[in-house]
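Just below is one structure, and these are the notes that go with it.
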Amino acid sequence: MTLELLRVLDDDGRALLDEALLPDPPRRREMFRQLWRARRIDERLSALQRQGRIGFFGSCFGQEAVPVATAFALAPDDWVFPALREGAVMLVRGFPLALYFAQMFGSARDVLKGRQMPSHQASRRVHQVSWSSSIGSQLPHAVGMAFAAARAGDSAIALAFLGEGATSTPDFHAALNLAGVLRARVVFVCVNNQYALSTSVRRQTNSESFAVKARAYGLHGQRVDGNDVLAVELAVRQASESARSGLGPTFLECVTYRRGPHSSSDDPTRYRSAAEEAAWAARDPVALFGRHLHEARLLAPGDESRLSAAIDVEIDAALTVAEADPAPARETLFEDVYARMPWHLAEQARPVP
């Protein structure tokens with residue numbers, strides 16, 4: 001049986017649900033601010049990489065609705081296991097922008113002490129776990145955390161992001177199988193952005209969708225319009241409530257499009273057409289939600305320009321702070337490695353006379 005695509009907004013931004021079922025107006029306006037903020041941050045970091053001021057960047061251009069909506073749908077104590085393009089979750093949950101940028105520079109202010117490559121942000125304070133770049137490896141970790149939290153009597157759930165390419169990895173099978181067996185309190189969010197680097201979705205699977213794969217593991221599966229921030233927020237909120245209530249895990253396939261390159265070392269013109277890019281640009285998530293807010297009279301003429309200007313001021317201030325920081329002190333190499341420093345590290349850390 002084919003899984004239908006959950007949508008809340010049509011192509012013109014008109015709501016397909018009653019107004020009473022939508023987030024209230026202040027929440028929708030804040031969702032739009034966070035979408036626009038994620039877009040402007042993405043544009044600035046892409047420019048910084050091209051200028052050689054940061055070494056790497058994984059763009060979220062065109063698929064911002066998924067991380068932004070997810071952040072709005074989760075409880076503060078829920079844990080997020082990201083993939084490459086979900087940094088906006090941290091920002092929506094209150095992580096300071098200067099610290100976020102510090103990770104891109106690997107500077108002294110970076111809470112990870114410069115040990116992770118750029119675009120691999122993590123922080124305990126917003127319950128986001130570090131990611132290793134090994135595709136799919138975060139998925140079993142999320143299941144383990146969800147199982148442990150349940151045994152400890154913690155109400156938190158785990159939410160794990162993955163790209164559609166990760167469904168071809170052994171860790172995907174292991175994680176979904178274990179989640180189904182344990183009925184773990186976990187939500188998997190598959191960001192189907194049509195390409196795993198340069199591998200088209202048409203060459204990734206012979207299944208009619210990625211969401212349908214959930215059935216083999218005893219999970220609920222659902223396809224969602226990943227460019228519709230309200231649809232993603234609704235689906236993630238329902239899935240997280242289901243998991244928290246002990247009704248089992250969910251696998252969500254958010255259908256979207258990576259409008260930028262896979263990373264700053266990729267040239268997408270070599271594997272996709274201008275016509276395809278134009279077709280997806282017509283339903284860009286930021287523009288789509290803007291049309292909705294204008295149609296609902298929640299945005300007035302000039303609001304977007306004022307919002308963009310305010311966000312640019314915030315970005316400029318945070319970048320000034322982050323880029324001016326020195327590199328982490330050399331002695332920080334010995335911190336957070338062991339609970340108690342072993343003799344050989346103590347010896348290496350001892351100052352040379």
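The values are calculated or read from the model by the stated rules, or taken from the named source; none is laboratory data. Computed from a prediction, not measured in an experiment: that's the story for all the values here. Reconstructed Cβ throughout: ideal geometry from the backbone, glycine too, with neighbour counts over all protein chains shown.
Examine the range 155-176 for a residue that is buried (at least 20 other Cβ atoms within 10 Å of the Cβ), in contact with a Pro (Cβ under 9 Å, 6 or more places away or on another chain), acidic (Asp, Glu) and closer than 27 Å to residue 5 by Cα, and state whether such a residue exists. No, that holds for no residue. When restricted to residues that are aromatic (Phe, Trp, Tyr) and assigned to a loop (DSSP other than H, G, I, E, B), the range 321-350 contains 1. If you filter the range 222-246 down to residues that are part of a loop (DSSP other than H, G, I, E, B) and in contact (Cβ under 8 Å) with a residue 40 or more places away in the chain, you find that the one that is surrounded by the fewest Cβ atoms within 10 Å (Cβ to Cβ) is 246.
Out of all the residues in the range 26-78, which are assigned to a loop (DSSP other than H, G, I, E, B) and of a type in the set (Phe, Trp, Tyr)? Before you say what the answer is, go through the steps one by one.
First, pick out the residues of the range 26-78 that are assigned to a loop (DSSP other than H, G, I, E, B): 51-64, 74-78.
Of everything in the range 26-78, those that are assigned to a loop (DSSP other than H, G, I, E, B) and of a type in the set (Phe, Trp, Tyr) turn out to be 56, 57, 61.
For every residue, the table says whether it meets (1) over 21 Å from the mean Cα position of the chain (by Cα); (2) farther than 17 Å from residue 77 by Cα; (3) part of a helix (DSSP H, G or I); (4) modelled with pLDDT of 95 or more.
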{"position": "119", "(1), (2), (3), (4)": "no, yes, no, no"}
{"position": "125", "(1), (2), (3), (4)": "no, no, yes, yes"}
{"position": "167", "(1), (2), (3), (4)": "no, yes, yes, yes"}
{"position": "175", "(1), (2), (3), (4)": "no, yes, yes, yes"}
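Which one is surrounded by the most Cβ atoms within 10 Å (Cβ to Cβ) among residues in the range 283-320 that are without any contact (Cβ under 8 Å) to a residue 24 or more places away in the chain and not in a helix (DSSP H, G or I)? My answer is 300. Only residues that are surrounded by 15 or more Cβ atoms within 10 Å (Cβ to Cβ), within 19 Å of the chain's Cα centre (by Cα) and either part of a loop (DSSP other than H, G, I, E, B) or without any contact (Cβ under 8 Å) to a residue 60 or more places away in the chain (or both) were counted across the range 197-221, and they come to 1. Under the condition of being more than 30 Å from residue 216 (Cα to Cα) and touching a Lys or Arg at 6+ places or on another chain (Cβ under 9 Å), which residue from the range 1-24 is surrounded by the fewest Cβ atoms within 10 Å (Cβ to Cβ)? Once the filter is applied, the top-ranked residue is 12. Name the residues in the range 55-75 that are more than 25 Å from residue 307 (Cβ to Cβ) and at pLDDT 95 or above, would you? Listed by number, the list holds a single entry, 75.
Do you know which residues across the range 266-279 are in contact (Cβ under 8 Å) with a residue 40 or more places away in the chain and either in a loop (DSSP other than H, G, I, E, B) or surrounded by 19 or more Cβ atoms within 10 Å (Cβ to Cβ) (or both)? So that I can check it myself, show each step before the final result.
Step one: list which residues in the range 266-279 are in contact (Cβ under 8 Å) with a residue 40 or more places away in the chain, which gives 266, 268, 270-272.
Those that are in contact (Cβ under 8 Å) with a residue 40 or more places away in the chain and either in a loop (DSSP other than H, G, I, E, B) or surrounded by 19 or more Cβ atoms within 10 Å (Cβ to Cβ) (or both): 266, 271, 272.
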